[in-house]
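Structure, as structure tokens:
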Amino acid sequence: MLNRQLLVIACMLFISSIACAQENLGLSLEDAINYAIENNREVKDANFDVIAAKKRVNEVTGMGLPQVSGSFDYTYYAKIPTTLIPGEAFGEDAGSLIPVSFGLKHNATAGVEASQLIFDGSYIVGLQAARTYRELSRKELEQTEVETKYLVAKAYYNVLVNDERMEMVLANETRLKKLRDDTKALYENGFAEKLDADRLELSYNNILVEKENTKRSLEIGIYLLKFQMGMDYTQEVTLTDKIEDVVLEPISPETEEEAFKQRPEYEVLRVQYELAKLDHRKNNYAYLPQLVGFGSLQTQAQRNEFNIFDSNEQWYSFGLVGAKLSVNIFSGFQRSAKSQQSKITMHKVENGLEAMREGIKLEIAESRSNYSNSLARLEMQKNNKALAEEVVRVTQIKYSEGLGSNLEVTNAETSLRESNSNYYNTLFEAIVAKLDYDKAKGNINK
């Protein structure tokens, strides 16, 4: 009985967990962006790069700290090496050699060695470069976050526009269905021609096709939004923002001279320029000497029998300290060539910075122009949409009162469908143009 109860409870918990996993999640644009910053795969990779850069700084810093190591080695001489010594010292003939074997079979040595880098110009520059590289990884993270915010916002607004488009299509479908059914009834009772009924049937079928196309666009748009956010595609979401909340206002004239400083990609290139300068300096510092201090303490045991670890036997210790100065005298002109190459790289990055400044100014001007033009087109399409809706309303009234033709109604419906499509396409273009302008100005974070 107890086992059955436990099984029931486990099943209920499992079903509950599935239900929670599939719970519909409400998302504002801000929520979607915040979720993406935490879960987007490219942002995650950029965060990993920041962590790796911090570890790189620790690694380079460690090169300038004391390096300490310990060692223990044991050697067994199956046959002790032989050394030849002059025989004259032992009363032998001049020029004779006497073979002598020195040493014991069992030898062990334990020791501790330490070294300290005292001066190395390349190390100093390398440490600066590691810290600058850490700054570069942070700037690249910021650039990735900005691009992610832009793509999430674009995908979010795409869903909002298609959702609004779907509502309009459904309203048109309802109106056309009623008109089609009424005309069909009139035809069946001999009060309308078959051609009239067929025209409305065709218009109704067209609106059904448009509904399916809009539905697929909406589904793909939601999937794209989840992808940009790094969200599981099975998670149900509902967008809480409304298309009416989007503010599309004309741009007031303003200076763009310092806008490039707000662009993360410019900051990335600026830090790359700092790295290029440090690389050039490192190659120049290669001419400087390197000074390293070192010390060693060792103890040694020699035995005829394997009793190395016998505490009653004696070990013999010795130690040393010293310093080593290394100077590069001639390297076959390699250092000079490396220095010249790094200087060329530095100038190329500097030229890239200047080109990016000019490119950003051009991008801002183009995006401002595109946005202003899209606002003008949007206003025109909005008026066309309102006019088409009014034409449909009037033609339907005339048709119901017997004063208009069925052809006028179908033509008006076709014009309305085209006007709606043009309006929503232009609306999305205007929203994207505004995003492009904000991105060009470096305001996508604001």
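The values are calculated or read from the model by the stated rules, or taken from the named source; none is laboratory data. For clarity, every value in this text was computed on a predicted model and none was experimentally measured. Positions of Cβ are backbone-derived with ideal geometry, glycine not excepted, and every protein chain shown enters the neighbour counts.
Quick notes
- Here Thr395 passes the criteria (1) in contact (Cβ under 8 Å) with a residue 40 or more places away in the chain; (2) surrounded by 17 or more Cβ atoms within 10 Å (Cβ to Cβ) except the one numbered (1).
- Remark: pairs (first residue in the stretch 427-446, farther than 18 Å from Arg357 by Cβ; second residue surrounded by 21 or more Cβ atoms within 10 Å (Cβ to Cβ) and of a type in the set (Lys, Arg); Cβ separation under 6 Å; 6+ apart in sequence or on different chains) = Ile444/Lys149.
- Residue under evaluation Asn411, criteria (1) in contact (Cβ under 8 Å) with a residue 24 or more places away in the chain; (2) in a helix (DSSP H, G or I); (3) of a type outside the set (D, E, K, R), criterion not met: (1)
- Filter pass, Ala89 being surrounded by fewer than 12 Cβ atoms within 10 Å (Cβ to Cβ), assigned to a loop (DSSP other than H, G, I, E, B) and free of Cβ contacts under 8 Å to residues at least 60 places away in the same chain: no
- Answer residue from the stretch 187-222, given it is at pLDDT below 85 and within 20 Å of Val394 (Cα to Cα) and is farthest from the chain's Cα centre (by Cα) among those: Ala192
- When Thr238 is tested against (1) under 17 Å from Ala36 (Cα atoms); (2) in contact with a Ser or Thr (Cβ under 9 Å, 6 or more places away or on another chain); (3) surrounded by fewer than 18 Cβ atoms within 10 Å (Cβ to Cβ), just one condition goes unmet, and that condition is (2).
- Condition check for Glu354: modelled with pLDDT of 90 or more, charged (D, E, K, R) and loosely packed, with under 12 Cβ neighbours inside 10 Å: yes
- Selection status of Val112, among the β-branched types (Val, Ile, Thr), part of a strand (DSSP E or B) and without any contact (Cβ under 8 Å) to a residue 40 or more places away in the chain: no
- Among all residues of the stretch 169-183, there is none that is modelled with pLDDT of 90 or more, over 26 Å from Leu407 (Cβ atoms) and within 39 Å of the chain's Cα centre (by Cα).
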